[in-house]
Amino acid sequence: MPMTADQLRNGESAVIASLHEGDYRLRLAEMGCVPGTRIKREYQAPGGDPIAFRIDTYLLGLRLEEARLIEILPEDKGGNA
Amino acid sequence: MRRIALVGNPNCGKTTLFNRLTGLQQHTSNLPGTTVEAHHGKFKLPNETIELIDLPGIYSLFAESDDEKLVVQHLLGEGVEKPDAILLVLDSSNLRRNLLLQQQLQDLGYPTAAVLTMQDSAKRRGLAQDISHLEKQLGLQILGINPRKDRQLAAPISLFLEKLLNAAAPELPPNDTENKLQRFHSGEKIKGLSLETLLRYNRIESILSACQTQEYFGWKSFTLKLDRWFVHPVVGFLAFFAVMMIIFQGVFTLAEGPMTWVEDAFAWASVGVESFLPQHTASGLITDGLLPGLAGVVVFVPQIFILFFLIGLLEDSGYMVRASFITDRLMRKIGLNGRSVIPLVGGFACAIPAMMATRSIRNRSERLATMIVVPLMSCSARLPVYVLLISLAIPAQQFIGPVPAQTLVMTSAYFAGIIVALLIAALFKRFHPSQERSEFILELPAYQRPRLQTVAQQAWMKCKSFLQEAGSVILIISVALWALSTWGPGDSMNQAKIKAEQAAKELECPEDLEPREFQSQLESTFKLEASYAGHIGHAIEPAIEPLGYDWKTGIALISSFAAREVFVGTMSTLFQSSDGNVSGIRARMQKEIDPHTGEPKYGIAYALSLIIFYAFALQCISTMAVMKKETGSWTWPISLFLLYGALAYLGAFIVYRWSIGFLI
């Protein structure tokens, strides 16, 4: 099972591998969630949803179901690479 | 005049730049049928004056929300003249994502130049760009600026823009982007857009690898530290409520001084006019009709300005987006979106800009639901009504437990609106479930010190349009009211005078009134009752009598269907408190005596019932007009008018009966 962005824990970072097909694909790509980009989970809203990710150099808030569309390759634990 | 459009991502410093360059010389324009605004301003180049157009911030040309569409309409020249050139504003701290827009724009063939902003925050994130290298790679002129700090901004930019306008249009590479855009925005589904975006990012990556260095990925920022608290499950919500409380408290305390000045100025003007003009009907038109009506509006400009200003500061600082972030889960449950928070909070200032602010919600059902409940947020026009009624019926010294009774009633009025709004949104979701997928995908911009000047400018523009719109309506209504209450059918006015003299003999004069004062009050009451206005009021009295209102309130109620704040103006015209001062009207109303019983007429049950009526009723033609524009038909505004009218009537009825039973 490939890992998706929602499975990261706060402070963990990864590299985006691919985007699932679907309505949000274009929007996510436009916002810079493209393969090869570094992604780091920073924090979440009360209740665990939405989640704030750092995409390259900026913070992006995504709902759980949106984060599930981003497949990732785990990079390292601890995140400050 | 040649025109240059400013295009860029949201939060890239575009509006700051625009405001710095054009100052207060701005106006806004709408495309037919929409309320999305473009801002226009004049800017001087060495040899000519040009027009700058500030368009809404966008991430991509292939976007679906109305404000994003406006940008594309300008660029394609649909319904508007195309600009002569484009000034692209690029955020240096986020260059990769910003360049997507540059790559798309390149395909449209406009003469383009770019300014690079936010280099200081890029540096803090370990980013640095080689501008001259970037210019070569992108094939466009780039000027590094800091719109917030640079002292000299106009001079270098005017030289830069002159060069841009004199440059030859770039050679257009063969592409079908323009055609694709047209098809996309006429609703066609276009395949391969995601792939195209990925390919553009590949190209951006190769450009950046040559001219950008990134030292580190992890960054310990002030923003993340603050967010730890602002999104905290407990502290975050407490902070949200505290911020709202501070805003409302701020509106009251900060506006107090300026409001007194306005009141004093009008009192002074009224005395001046009275001593200057001969005692005549025409001078009555000014001192009893025009001045009190106008004073009733102008006096609330300080409050409205402060409310717009404070909400503007919150938006500009980046906090409002966090409020969206923490409330999204709850909002989703009732068919709204985290993004609804901004319009809903804005609704406390004014429903009109709030309706426009719903445009960033892409899901149509969520957007409609937000627009439906926005009018239930107690807007600043209701504030004067609440203030007048609360100070009329509730003594400032009265406490319920530790809370002053006045504050409690005011807060309850706001909460009554909020609770009903949440219920209505939930009902709407139940009976009108969304067909589209709901999305959040929201940038959380870094916190920044709010730009006082920009925010104040925007708040002032909003006040100005409030004054222009409300002012003219109120002027007409106050003159009409004055005429209707000065004259009556036949010799009814003379008869009223005789009746008043008789009543003065029969009724006992209250202790705190001089006998002469008592008689003149009885006279004006009888005269008003005999006038045309009195007749209209009496005609609708049976309908509003169950709510505890008399015919005078009826007149004020009818006239405030044009806009709520007219209520205070009408009351001051009806009670001839020519100094336009809340305490003046209040004093007249408190002294008002029921001619049949000799008891005070306007008590606590009356005040509470009216407050609830105003909290729910959709008494604002401008709001209805904006909603018609935004939804494309009169169906929703009219249905809401009827629904909220019924709700107001029912609510006022229950509150009135309840207060009579329990409080009196």
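Laid out as a table, the results:
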quantity	calculated
Cβ crowding within 10 Å averaged over residues, with B:180-188, B:528-536 ranked highest first	B:528-536, B:180-188
Kyte-Doolittle at least -1.0, axis length at least 30 Å by Cα - qualifying DSSP helices, chain B	B:235-276, B:405-431, B:452-486, B:635-662
Average other protein chain Cβ within 10 Å of Cβ, residues B:225-234	2
Candidate lysines for bridging to B:Lys497, where Cα separation is under 23 Å - those fewer than 8 sequence places away on the same chain excluded	B:Lys505, B:Lys527, B:Lys552, B:Lys591, B:Lys601
Relative contact order of chain A, defined on C-alpha pairs under 8 angstrom at six or more residues apart (%)	43
Projected area, mean over directions - chain B, Cα convex hull, nm²	34.2
Shielding by other protein chains, A:41-51, mean Cβ within 10 Å	6
Hypothetical label at A:His20: residues of region A:34-67 whose amide nitrogen lies under 12 Å (7 Å Cα-Cβ projection)	A:64-67
The protein assembly as shown: C-alpha gyration tensor shape, a/c 1.5 cut-off, then a/b vs b/c	prolate
Pairwise centroid distance, computed over Cα atoms, of region B:78-107 with region B:1-24, Å	12
Spin-label model distance (nm) - B:Lys225 vs A:Arg68, 7 Å beyond Cα toward Cβ	3.7
Euclidean distance between Cα centres, region B:122-154 to region B:319-388, Å	37
Cα gyration tensor shape for region A:29-80, rounded if a/c is under 1.5, else prolate or oblate	oblate
Entries in B:Lys189/B:Lys429; B:Lys69/B:Lys163; B:Lys69/B:Lys333; B:Lys69/B:Lys136; B:Lys14/B:Lys42 that, when Cα-Cα distance is taken, lie over 19 Å	B:Lys189/B:Lys429; B:Lys69/B:Lys163; B:Lys69/B:Lys333; B:Lys69/B:Lys136
Helix-only mean residue ellipticity at 222 nm for chain B, each DSSP H run of n ≥ 4 adding -39500 (n - 2.57), per residue, nearest 500	-19500 deg cm²/dmol
Relative contact order, percent, region B:3-214 [alpha-carbon distance under 8 Å, six or more residues apart]	23
At R0 = 56 Å, FRET efficiency that the Cβ-Cβ distance of B:Trp487 and B:Lys333 yields, to 0.05	0.45
Chain B: relative contact order in percent, alpha carbon pairs under 8 Å with at least 6 residues between	13
Partner chain coverage, peptide B:432-443 - average Cβ within 10 angstrom	5
Global geometry of region B:374-528, whether rounded, prolate or oblate, following the gyration tensor of its Cα atoms and the 1.5 cut on a/c	prolate
Computed lengthening from B:Asp150 to B:Glu178, 0.36 nm per intervening residue step minus Cα-Cα distance	6.5 nm
Additional length obtainable on full extension of the chain from B:Met1 to B:Val243, 0.36 nm per residue less Cα span	82.6 nm
Options B:Ser65, B:Ala425, B:Phe440, ranked by Cα towards positive dipole end of the protein assembly as shown, top entry (Cβ charges)	B:Phe440
15 Å reach of a label modelled at B:Glu48, 7 Å along Cα-to-Cβ, counting backbone N of region B:151-182	B:158-169
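Computed from the coordinates by the stated procedures, all read-outs in this text should not be read as laboratory data. Since the model is a prediction, treat every value here as computed from it, not as a measurement. Glycine also receives a Cβ, built like all others from the backbone with ideal geometry; neighbour counts cover every protein chain displayed.
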